[in-house]
1. Search the range 1-40 for residues being assigned to a loop (DSSP other than H, G, I, E, B) and among the acidic types (Asp, Glu), and hand back the single one that is modelled with the lowest pLDDT.
2. Taking helices (runs of 4 or more DSSP H) that fall entirely within the range 67-186, which contain at least 2 residues that are at pLDDT 90 or above and open to solvent by less than 50 Å² (accessible area, probe 1.4 Å)?
3. Of everything in the range 6-59, what is touching a Pro at 6+ places or on another chain (Cβ under 7 Å) and either open to solvent by 70 Å² or more (accessible area, probe 1.4 Å) or farther than 26 Å from Asp151 by Cα (or both)? Give them in sequence order.
Amino acid sequence: NEARSSFFADAEEILCARSPHVTMGNLFVAKNHCDETDVYATWFNLTPEIICVNSIEKCLMDRLNGCDFDSDAMLITNNPIMLIAAKKHYSLFGVPVGILDAKRENKKTHEIDTDISNNKIGEIINTSQWLNSIFWDKKAKGVFDTELYYDICKLAVLSGIEIDKAKRNYGISAKAELELIKSRYKRNTDKEEF
């Protein structure tokens, strides 16, 4: 739970959220350790816009919703209001973890274009934001809807699968999973089905 950023002061607490930010379990609260004379400054050309993180023995990549180390972008802030809010519920929300035993097959080049053209990432993210609104409305009324939170977590994992489908096949239909989750939370309006 440490990071290194020269943008923030040494020992300062920071909050990180990567896009797509699907759920509350996708927040990372870290303590900044930045010494301008450390090994990082010696071997890397780090600017204030670069943050170093470590995922060894941590679920950081899942916590930041599928982050990897190829120049991902994320919101990093020391805003005290946001830090207090994130820490208030930090241990309450589990981190959505990807499917470890799903069938993974590398794809052939001719399959990739078709799969990307049918990508559901936008619909997954929009659905997660709608369900987060429902979740927080219930939470404000004193109800922690665990099943709803698990469905939001499923959308977080599904977003990673959908982003990854340009590279491999997990044997999971994002469309079918998305429709199953949406069917549990129909909107009551004449103008919209969902």
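The values are calculated or read from the model by the stated rules, or taken from the named source; none is laboratory data. Only a predicted model underlies this, so the values are computations on that prediction, with no experimental measurement involved. Ideal geometry is used to build each Cβ from the backbone, glycine not excepted, and the neighbour counts take in all protein chains shown. Quick note on the areas: whole protein, heavy atoms, side chains included, nothing else; ligands and nucleic acids left out. Shrake-Rupley method; radii C 1.70, N 1.55, O 1.52, S 1.80 Å.
1. Going through the range 1-40, the residues assigned to a loop (DSSP other than H, G, I, E, B) turn out to be 1, 6-12, 19-23, 33-38.
Among the residues that remain, those that are also among the acidic types (Asp, Glu) are: 10, 12, 35-36, 38.
Numbers: Asp10: 94, Glu12: 96, Asp35: 84, Glu36: 78, Asp38: 84.
By that ranking, first place goes to Glu36.
2. On the way: elements: 80-88, 109-117, 121-140, 146-164, 174-183.
Because the criterion is at least 2 residues that are at pLDDT 90 or above and open to solvent by less than 50 Å² (accessible area, probe 1.4 Å), the helices (runs of 4 or more DSSP H) in the range 67-186 that meet it are 80-88, 121-140, 146-164, 174-183.
3. Across the range 6-59, the qualifying residues are Ser6, Phe7.
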